[in-house]
Amino acid sequence: MNFFCLTPSKLATLMAQGADTIAIQETWKLLEQIASMHTGDYVLYAQSRIGKGGGVAVLVRKTLRSKRIPLTIPQHDTSLEVVVAQVALDQNRDLIVASAYMRPPPQVTQSFRRLVNCLPASTPLLLCGDFNMHHPQWEPFLESSPSEVAAEFLELCTYAGLTLVNTSGEITYARGTGERSCIDLTWSRQLTVSDWSASLSPPSDNYMLTFTLHQAFKDTIPSAPKFFYSWGKCKWDLFVKDLDAKLPAYDYKKCSTGIKAFTRALITSYRRHCPAACTRTVPGFGKTLSWRQSGWLPTARPAICSYRCPTVRQKCNGQGVNSSSCSESACATRIHVESAS
């Protein structure tokens, strides 16, 4: 709500509404002046005004854990004032609340772009502010075409995934008997908002906007199933014996063929002698994946070098190296390479 100079009596009236979070614009106060006010059951996050008017604040009930999210605005940008707070609704759900004020004539600056684009997209966002913007999207009675700034503002908010909560055409600002507009806007992202209403508030020309948040987070990704297994139940003796028997004779001219044969022998032994749950927790051991898709096809040099070169006597006798120690070395090297990548 835009308060047109926040005073202790106005603040007390606002806190008496019993809301969990309160966003205020145009406090007309410096940070030191706001900090001296009594906030009762609320934690106050405020930003000093720039020049005449201005000043924004967010109040969060003390029963909710909250903290301020720093958002630095350059000194040369005098168009936007904003304060951002993060509220922990429970152990795994957070809500970001931002109170913003754009002094007239409004401008879409780089600071506002950072506000809507740089906050975590995975966290629900509530953006409340006096933006001094006129557009048929929220003012259907507008006779003139919207300005380029208003069109850019709407496009930027829409592109950032923000949804306008205002009831189209609902007056939020009234001065005298003739001036009526909808410059106070409520934007949300990943939120379910209901009971939005604008009511005339005696202390200000701007109306008080109230609404209810029914849902601030929804799990859309199911938890992965848990597999219970014990590596100690693996038949390692048979695993090594079966693997050793399937390894081909070493041929340094056919390294690629030897590596593929080793991988095939390793996976076959793994499936035969390890519990089923063990194979389900290792990627690539399903029936539908190819060797290369599984990620277990050795392609890195450490895996190639894991085969021990045969001795001179073994070369003369045409023998290869099929020892279990060689297999274990290759397996360990490949697992290391996969985990490193």
For this session: In debye, nearest 20, what is the charge dipole magnitude of segment 41-127 about its Cα centre with +1 on Lys and Arg Cβ and -1 on Asp and Glu Cβ, if you could check?
Result: 100
Exercise. Which FRET efficiency, nearest 0.05, do residue 5 and residue 145 yield, Cβ-Cβ r, R0 35 Å?
Worked result: 0.55
Problem set entry | Cα→Cβ-extended label distance, 7 Å offset, between residue 264 and residue 194, nm | 6.2
Problem set entry | Two-site label geometry, residue 244 and residue 65: point separation in nm, points 7 Å out along Cα→Cβ | 5.5
Problem set entry | Positive-end residue, segment 8-215 charge dipole about Cα centroid, Cβ charges, pick of 190, 110, 19 | 19
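What's the extension gain from residue 78 to residue 32 if we count 0.36 nm per residue and subtract their Cα-Cα distance?
14.6 nm
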For this session: Express in nm, to one decimal, how much length is gained between residue 48 and residue 92 on full extension, taking 0.36 nm for each residue of separation and deducting their alpha carbon distance.
Result: 12.7 nm
Exercise. Which residues does a label at residue 159 reach in segment 91-129, if reach means a backbone N under 14 Å from a point 7 Å past the Cα toward the Cβ?
Worked result: 108-118
Problem set entry | Ascending count of other beta-carbon atoms within 10 Å, so fewest first, for 184, 41 | 41, 184
Exercise. Taking N as the number of residues in segment 8-215, what is its alpha-carbon radius of gyration divided by 2.2 N^0.38 Å?
Worked result: 0.97
Seminar exercise, completed: Dimensionless Rg/Rh of segment 109-148, both radii on Cα and Rh by Kirkwood, sits at 1.07
Seminar exercise, completed: Quick calc of log₁₀ I(q)/I(0), segment 113-195, Debye, one scatterer on every Cα, no solvent, q values 0.12, 0.17, 0.21, 0.23 1/Å, result -0.37, -0.71, -1.03, -1.18
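Every number in this text was worked out from the coordinates using simple rules, so none of it is lab data. Predicted, not measured: the structure shown is a model, and the values here were computed from it. As a convention, Cβ positions derive from the backbone with ideal geometry for all residues, glycine included, and neighbour counts pool all protein chains shown.
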